[in-house]
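Encoded as structure tokens, the structure appears first; notes follow it.
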Amino acid sequence: PQLIARARWRQSRFDFSEALALLKQLESEYPLSVEPGSRRAEVLRGQGRWSEAADVFRRLASEERPPPIVRLDYADLLRRMGLRAEAGHQLDLLHAEGFDEPEFYVREALLAESSDLKDRANGWIERGLAAHPEAPALLAFKAARLAREQQPEELARLLAKNATPSWLEPELAAAAWPYLSVEQHKEILNSSQWWFTWRWLPWVRLNTHS
């Protein structure tokens with residue numbers, strides 16, 4: 001426990017060389033524990049040492065039924081490395097193991113987007129929302145897509161039930177603003193996001209003279 005706490009602390013303080021050394025030691029002392037290897041891969045990935053991180057993830061993923069986060073992070077890394085088929089294989093294995101959480105659909109959508117398969121990406125998000133209609137990760141993904149595709153009215157409809165969801169970003173609120181009701185404007189302007197962060201953004205400050 002003390003070593004892993006030290007490793008976490010070093011990682012949080014960006015002392016990556018010491019963190020890597022501690023995590024490597026933990027991997028050798030506790031070979032059945034996933035966290036040291038997963039954290040080491042995370043640090044290596046953050047340093048741009050993707051092939052080394054992939055080696056660690058590959059070893060972790062080769063175990064019988066590894067934790068879902070291993071396959072999710074490994075698939076994400078493979079996608080960023082341009083190894084889309086391998087990334088898809090990890091997601092297929094994850095789904096075959098019974099994992100059906102929102103993160104699975106987000107990773108599938110990202111993988112489809114990386115191949116410029118926008119319709120397929122949208123399909124994955126819609127399938128995810130059918131199974132998890134209130135999942136913030138899926139709603140955030142859909143909202144960002146609507147903003148990119150310049151569909152502010154659809155974005156406003158997405159905010160119809162709740163104008164200030166946890167995933168709402170200033171750019172999304174700005175895009176939907178002309179199509180939101182007066183009541184929704186008030187809800188946003190009275191939200192904690194507005195008072196503690198957004199009220200200093202010029203896109204609303206100038207309009208409302210706040």
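Between residue 174 and residue 195, what FRET efficiency follows from the Cβ-Cβ distance if R0 is 25 Å, with the result rounded to 0.05? Mind dumping the intermediate values first?
Working: r = 17 Å, r/R0 = 0.68.
About 0.90, to the nearest 0.05.
Given axes a ≥ b ≥ c from the Cα gyration tensor, I'd like to know whether the stretch 23-133 is rounded (a/c under 1.5), prolate (a/b larger than b/c) or oblate. Could you put the intermediate results ahead of the total?
Numbers: a/c = 2.58, a/b = 1.67, b/c = 1.54.
It is prolate, given that a/c is not under 1.5 and a/b is the larger ratio.
Assuming a ≥ b ≥ c are the square roots of the Cα gyration tensor eigenvalues, decide whether the stretch 144-200 counts as rounded (a/c under 1.5), prolate (otherwise, with a/b larger than b/c) or oblate.
On the way: a/c = 1.92, a/b = 1.44, b/c = 1.33.
Judged from the Cα gyration tensor, the stretch 144-200 comes out prolate (a/c at least 1.5, a/b above b/c).
Any chance you could run the full-extension gain for residue 93 through residue 63? It's 0.36 nm times the residue separation minus the Cα-Cα distance, nm to one decimal. The partial results should precede the final answer.
Values: separation 30, 0.36 × 30 = 10.80 nm, distance 1.22 nm.
Answer, rounded to one decimal: 9.6 nm.
I'd like the accessible area for residue 146, computed on protein heavy atoms only with a 1.4 Å probe and all protein chains in place. Round to 10 Å², please.
Its heavy atoms expose roughly 10 Å² to the probe.
Of all accessible surface on the stretch 67-210 at a 1.4 Å probe, what whole percent is carbon and sulfur? Present the calculation step by step, with values, prior to reporting the outcome.
Values: 4250 of 7920 Å².
Summing carbon and sulfur atoms, their accessible area is 54 percent of the total for the stretch 67-210.
Hey, what did the chain get for relative contact order, percent, Cα under 8 Å, at least 6 apart?
Details: 190 pairs, mean separation 18.2, N = 210.
Here the relative contact order equals 9 percent.
Considering only protein heavy atoms, what per residue accessible area in square angstrom results for the stretch 10-60 with a 1.4 angstrom probe? Please report the intermediate quantities before stating the final value.
On the way: 2940 Å² over 51 residues.
Using a 1.4 Å probe on heavy atoms only, each residue of the stretch 10-60 averages 58 Å².
What is the distance in Å between the Cα centres of the stretch 165-193 and the stretch 133-158?
13 Å
Using a Gaussian network model of the chain whose springs link C-alpha atoms within less than 10 Å, name the residue from 57, 141, 14 with the highest mean-square fluctuation.
14
For the stretch 63-210, report the % of Cα-Cα distances exceeding 29 Å.
Roughly 30 percent, rounded to a whole number.
Could you give the length gained by full extension between residue 50 and residue 16, i.e. 0.36 nm per residue of separation minus their alpha carbon distance, to one decimal place? Please list the in-between numbers first.
Numbers: separation 34, 0.36 × 34 = 12.24 nm, distance 1.48 nm.
Residue separation times 0.36 nm, minus the Cα-Cα distance, leaves 10.8 nm.
Need one value: the accessible area of residue 51 in square angstrom, 1.4 angstrom probe, rounded to the nearest 10.
The value for residue 51 is about 80 Å².
By its C-alpha gyration tensor, with a ≥ b ≥ c as the square roots of the eigenvalues, how is the stretch 109-149 shaped: rounded for a/c under 1.5, else prolate for a/b larger than b/c, else oblate? Write down the numbers at each step before the final one.
Numbers: a/c = 2.25, a/b = 1.40, b/c = 1.61.
Taking the square roots of the gyration eigenvalues as a ≥ b ≥ c, the stretch 109-149 is oblate.
Restricting attention to the stretch 18-101, which GluC sites (Glu not before Pro) occupy a DSSP loop and are surrounded by at most 14 other Cβ atoms within 10 Å?
Details: sites: 18, 27, 29, 42, 52, 63, 64, 86, 97; in loops: 63, 64, 97.
Listed in order of number, the matching sites are 63, 64, 97.
The values are calculated or read from the model by the stated rules, or taken from the named source; none is laboratory data. Fair warning: this is a prediction, and the values are worked out from it, not measured in the lab. Counting neighbours? That spans all protein chains shown, and the Cβs are built from the backbone with ideal geometry, glycine included. The area values use the complete protein model at the heavy-atom level, side chains included, leaving out ligands, DNA and RNA. Shrake-Rupley method; radii C 1.70, N 1.55, O 1.52, S 1.80 Å.
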